[in-house]
Ligand code: SF4
């Protein structure tokens with residue numbers, strides 16, 4: 001199950017992860033809707049070019065800019081959080097959305113927990129593969145921790161002072 | 001002072017609800033400690049050996065009398081009747097129960113306070129000049145900008161999980177009282193040739209194991225662009241700051257590794273995306289926030305008044321006048337520093353009674369506002385000079401009038417071996433020994449301004465690198481030793497002190513300081529402060545004299561039943577190490 005646009009849905013995609021000893025240039029990408037690691041896309045670019053139902057995932061240390069030429073050819077881009085405390089994924093998402101104009105599904109996967117969902121949603125993720133041992137129904141609540149925010153981000157290009165009239169009733 | 005509007009209230013309330021639920025889930029076991037840890041740190045809650053410590057934000061050090069009373073009430077209700085004001089102008093409580101934290105946050109929210117982002121790897125409370133708005137050397141009042149930056153950084157969704165903590169400091173005056181060069185980002189207000197306001201931006205300053213003075217990344221960023229510019233810096237740091245080693249994760253290490261020019265290039269590249277975009281600060285928003293910091297209703301008064309003049313033959317009062325009363329830009333007014341440096345207590349500690357008393361003084365004499373200084377004292381910024389004597393008498397009765405601001409005994413020292421589990425050596429007890437050796441107030445006044453900083457270990461919580469005299473506790477085969485450095489300075493200009501040579505024992509340190517002061521007295525020219533003499537003559541004469549003859553240990557400090565040593569500290573259990 002996944003959280004997508006604030007509701008629970010079944011995951012139609014398979015995530016390909018390289019196993020120990022598998023090489024990005026030789027691993028066989030199975031048929032169907034598959035999200036491949038960035039190095040696989042990078043090495044097998046030509047062979048995979050024709051597959052429309054193909055997603056790619058980035059590790060937190062990989063660069064959003066490396067996808068920029070064909071960014072909107074992907075229906076899904078995922079960012080893998082190997083640890084929830086690694087905040088690089090937030091900037092990655094922000095860049096993918098606001099600087100590179102990615103419009104497809106942006107998925108957060110890996111160590112994804114309820115208490116990070118609100119920030120993740122703000123920077124541009126719309127889909128969350130919550131860590132398997134956690135109650136996804138419970139996690140859903142994390143999306144609505146706050147009803148407003150001071151600063152601009154992907155979800156709202158305007159800071160609060162350009163959205164509302166501030167200084168009103170105390 | 002900044003006052004919350006409905007949006008500030010709403011966000012604060014939602015934060016209290018969020019963290020209260022997280023605490024509930026932790027207590028019920030739904031949240032594991034390693035998942036909860038980061039959440040509690042972002043709410044200022046540390047787990048100590050014996051209790052939870054909580055650091056409450058005092059944005060840029062401004063606190064109202066009403067808020068101060070709430071802090072006193074928290075000290076009484078949930079702690080042991082005292083609190084600790086920190087070098088980042090915040091307040092910490094050391095003996096809390098996790099179950100009480102939601103109620104404490106609700107109490108704080110009721111007086112427009114919070115503990116947001118006072119710890120953790122995020123943007124921390126922004127510090128500023130404790131004399132903001134009243135300083136005679138001010139170009140602009142930095143507080144509206146500090147508040148705008150506070151709001152921008154609060155719950156910033158991209159920067160909640162940075163490689164490491166991130167500190168801002170901002171000054172609007174020509175003399176840097178906010179130590180901007182030892183912050184991750186330091187902002188100094190400047191006016192350009194056209195009279196426009198902007199900021200000189202420093203980046204990558206910090207102490208700890210690798211002390212570095214911040215480098216200039218921009219000479220002038222117009223105020224409208226300060227958010228987008230700062231955001232670009234933090235974004236580059238978030239992506240490229242090291243995450244593999246806790247001690248190499250601060251932005252200073254990144255800037256040092258790639259060089260300021262390359263770092264600047266990356267930031268400028270990044271800034272292209274956001275410059276002139278919607279996060280540019282509007283005049284309307286600046287005006288709205290600045291309206292909270294307008295001058296109070298000053299009376300028009302003569303500069304000096306008879307009441308003060310008459311009391312000049314009162315020596316104790318005139319000592320206090322000399323040290324604790326600071327100039328004010330409005331005639332007939334003064335800024336008063338209430339000292340929290342009394343012998344035998346941890347610098348910056350205040351009891352609930354003292355907090356209430358300080359609030360009372362603020363209501364009576366200073367338009368109901370106080371400031372917390374990075375030297376861990378309190379300031380009443382707007383006192384009529386004609387009220388000074390009355391104020392002094394009342395402050396004295398509360399132990400808040402020690403006439404030692406800026407002197408040797410106005411020490412910054414970390415909790416050290418008396419409290420902190422990471423320490424190599426005692427800090428507070430050493431400060432007491434020094435205090436005792438130099439208890440002659442006339443001598444202290446003659447020596448004048450000097451910054452003494454003591455850290456119990458290399459983590460540098462006592463900022464020893466930037467003390468005019470800095471003392472660092474070191475470990476030599478399990479024994480307590482101290483390394484001494486001189487010539488550091490936290491601002492105008494900032495620099496890191498130089499180590500004078502081999503280390504000393506606890507009982508030698510008071511004599512070492514005495515020798516350093518003797519050289520100063522011998523070498524100084526009229527009106528030269530210790531640091532000026534040192535800068536002019538270099539460290540050699542000081543080093544030579546200190547090591548010329550063997551430094552004898554003060555024997556009484558070696559006696560285990562000597563009072564000072566025996567008493568130890570007022571608290572019997574270790575309480576915190578402010579490191580994370
Ligand atoms: S960790 Fe900080 S408080 Fe503890 S001894 Fe070291 S410098 Fe002092």
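Rounded to the nearest 0.05, what FRET efficiency do residue B:76 and residue B:216 give with R0 = 56 Å and r taken as the Cβ-Cβ distance? Could you check? That pair, residue B:76 with residue B:216, gives E of 0.75.
Modelled label positions at residue A:144 and residue B:106, each set 7 Å beyond Cα in the direction of Cβ, lie 2.2 nm from each other.
Measuring r between the beta carbons of residue B:502 and residue B:449 and using R0 = 25 Å, the FRET efficiency lands at 0.35. Centroid-to-centroid, using Cα positions, the range B:124-159 and the range B:402-470 are 28 Å apart. At an R0 of 45 angstrom, the distance between the Cβ atoms of residue B:298 and residue A:68 translates into a FRET efficiency of 0.20. Beta bridges per DSSP, both residues in the range A:1-118: antiparallel share near 15 percent. Here the simple spin-label model places points 7 Å from the Cα toward Cβ, and for residue B:242 and residue A:164 these points are separated by 4.3 nm. Spatially, the range B:291-352 and the range B:215-260 are offset by 39 Å when compared through their Cα centroids. Taking every residue in B:8-19 and counting other chain Cβ atoms within 10 Å of its Cβ, the average works out to 3.
DSSP beta bridges confined to the protein assembly as shown are antiparallel in about 65 percent of cases.
With the highest mean first, a sort of the peptides B:292-301, B:430-439 on other beta-carbon atoms found within 10 angstrom per residue produces B:430-439, B:292-301.
When only Cα pairs below 8 angstrom with a gap of at least 6 residues are kept, chain B shows a relative contact order of 12 percent.
Each of B:185, B:447 was scored by other Cβ atoms within 10 Å of its Cβ. Listed from fewest to most, they are B:447, B:185. Residue by residue along A:88-97, Cβ atoms of other protein chains within 10 Å of the local Cβ number 5 on average. Reported to the nearest whole Å, the Cα centre-to-centre distance from the range B:480-517 to the range B:354-373 is 35. Can you work out the PRE-style zone for residue B:175? Point 7 Å along Cα to Cβ, and I want the residues of the range B:451-480 with backbone N under 19 Å. Only B:451-453, B:466-469 pass the distance filter. Neighbour counts of C-beta atoms inside 10 Å place B:361, B:557 in the sequence B:557, B:361, starting with the fewest.
Every number here is computed from the coordinates shown, using simple stated rules; none is lab data. What you are looking at is a predicted structure, and each value in this text was computed from that prediction instead of being measured. Neighbour counts are summed over all protein chains in view; Cβ atoms, including those assigned to glycine, are modelled from backbone coordinates with ideal geometry.
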